[in-house]
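See structure below.
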Amino acid sequence: MRHLSPKELHSLAAHCGGVALLLFFSIFISQGGLERSAGIAASVNPASQTAMSWCNPFNSCNSGGGVTPATCSWYVSPGSVTYPQQVQIGYSCNYSADELAVYVKDSSGNATPWDPGITGRNPWLQGTYQTTPTPDITSYSLYIGHFTRAGNQENALIGTIPVSVSCPAGQTRSGNTCVSSAPTAPQYLFGGTCVVGRPMGFNWGTSNNATSYAFRVDNTVTTCGGVTGGNNNVGCVSPTDYVEDNINRGEQTITILNPGAHRAWVHGVGPGGWSPATSYSFGCGCPAGQVQSGSSCYTPAPASCSNGLNRASYPSCTCPSGQVQSGSSCITPEPTPTPTPAPSCSITPSPTSVTSPGSVTLNYTISNATAASITCTQNGGGTCPTPPAIAPSSGSISSGTLTNSTASAKTATYTISCSGAGSQSNAANVVVNPVAAPASCPANCPGSAAPNCTANAGYTYNSGPNTCTPVACPAHCPGAGAGSCTANPGYVYTSSNNTCTAAASACANGLNFSLYGPGCSCPQNQVQAGSGCVAASCPNGLNITTYPLCACPSGQVQSGSTCINDIVQTGLSLTATPSRVHRGGQTTLTWSSNIGDTSCALTSSATGTTLSTLLSGTLTQTITRRTTFTLTCNSGNLRQSVSILPSFIEI
């Protein structure tokens, strides 16, 4: 329904009388008129007490001497809130005055704007609004203000309603707002046993309203440096040695570095500040075996050295470098004489087997010797020359001629002896084989016996290995060897001296002998033309006149009998145009490779064959069924399919 404006209500009251207006007012309230004003929102900003929303006044408010006071009902709900919760204030007043106005004032003196009435009879003034009471507010008061016909303003206190505003948990009042409560002191602080240089654990109780802890250790014996910890994040603050903030647990481990009395304390820290300190006093002793001296610990020296040395002379209970202990003192030992090394010698023949008569090389090594000699003995038959005298140092000598007059192999033993600071000997054997029977002369090289053999014509005799090999055939007269050579056309072979000579000075076929003799034939890929030779056709179909090497130049590819420029490598690609054809139709394949590719292969799934190995090009193919073409290059591969279009038959 539409609510009437103040001007419309004033006119209605003047023409219809009070009864009709009272009836309309009751209907207006039942339809929610108390909750809304014409064009003004019912709620307000919780932080403001001046932006209020009022219902329309329905009549004039008269006032004057002896006039009946206003009759008002009003409320504040709820009566107890937690900041910043809102309260709602509502009122309804009936007043017989010329003009009526209402306002609310809180206990701190903050007042709302006046809600003026209008001139008329049987006046009513009603309204509701919401506001946020601050923690310092204890009550709200409703005031009626009116203007007399003489123009005088009068105010009357209708009543006061108390309210209770509390702060949230963990907060306390500060003036007209709530702030975080200060943390309470940690419930306790204890520490373990303190030994200098060893980790010591501390733990403490909970601090209410704290979000972290600040831990301190006081050590006035030294000025900063007597404590270490895992997170000394503030640093040394004299005389407080150890400072750590922002600890989110109830424990901490530190290491005290000096003995004596210490005090530790911990604060709870939160948005409300720092709590009072909870402290713990303790003493720190030296490790076992050490004693305190001022602000440090040391290990006292025993009365005497455990090894018997005189501690007064040797405080470290060890002898100086280069000396050794002798009873309770140290002495410099006598130097140990260096022993003279024993001599050593060895002998190695090379080779270790010869045929009589023959000789070997005797290699020998000698060290730490003052004299040396080599002797030889042979086991029956033949001779073993006495080796020459040698110096007492490494070297080699010849054995001299070794002989064997028997029919079986004999052994010659060489012994080397050396002396000095002691003596040593070493022996080695040489096998001397009997004289070998002369070998027979090989075939084609007759004679009485090797090495008295003579080579036949066309052969060569080698007395070392006692072999007879044929002489190779001369040029233009090929064959297995001298005596079995065959002359090429235009040549004559003479077996007596194994020679091959030209048969004539002119070609029988008319070719220029000086250019094509004595074979009188054209080179490969040429044919005879009169007395000369001209190019024939290339096997690959290229025009041999244009391409005498039967190959395309670099950067070109063959196309029929000629060469064309190769397509530039512009990237790996493969297209088939068109990609759908009727059976028996043709498609054109165009492909390219990546820069750097050195090989490509274009294959067809229909034939299972390679269509091209060019790096790029264009090719036309007849399609009889669905075919997939694949381009495979060094850098990758691509596929392109060509489909068959369906055939339609008209009916």
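Rule-based calculations on the coordinates, nothing more; no lab input. A quick note: this is a predicted structure, and the numbers were derived from the prediction, not measured. Because the Cβ atoms are built from the backbone with ideal geometry, glycine has one as well, and the counts that use them run over all protein chains shown.
Values for this structure:
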{"item": "Residues 334, 251, 244, sorted so that the one with the fewest Cβ neighbours within 10 Å comes first", "result": "334, 251, 244"}
{"item": "Ranked list, fewest to most other Cβ atoms within 10 Å of each Cβ, for 410, 105", "result": "105, 410"}
{"item": "Linear extension gain, residue 161 paired with residue 190, 0.36 nm per residue minus alpha-carbon span", "result": "5.1 nm"}
{"item": "Å³ per residue enclosed by the Cα convex hull of segment 580-651", "result": "72 Å³"}
{"item": "Contour minus Cα-Cα distance for residue 595 and residue 279 (0.36 nm per residue)", "result": "105.8 nm"}
{"item": "Spin-label model distance (nm) - residue 514 vs residue 301, 7 Å beyond Cα toward Cβ", "result": "11.7 nm"}
{"item": "Modelled FRET efficiency - R0 51 Å, residue 203 with residue 111, Cβ distances, 0.05 increments", "result": "0.35"}
{"item": "Cα gyration tensor shape for segment 238-308, rounded if a/c is under 1.5, else prolate or oblate", "result": "prolate"}
{"item": "Convex hull volume per residue in cubic angstrom - Cα atoms of segment 318-477", "result": "230 Å³"}
{"item": "Cα centroid separation - segment 369-412 against segment 243-280, whole Å", "result": "98 Å"}
{"item": "Ranked 216, 311, criterion: other C-beta atoms within 10 Å, fewest first", "result": "311, 216"}
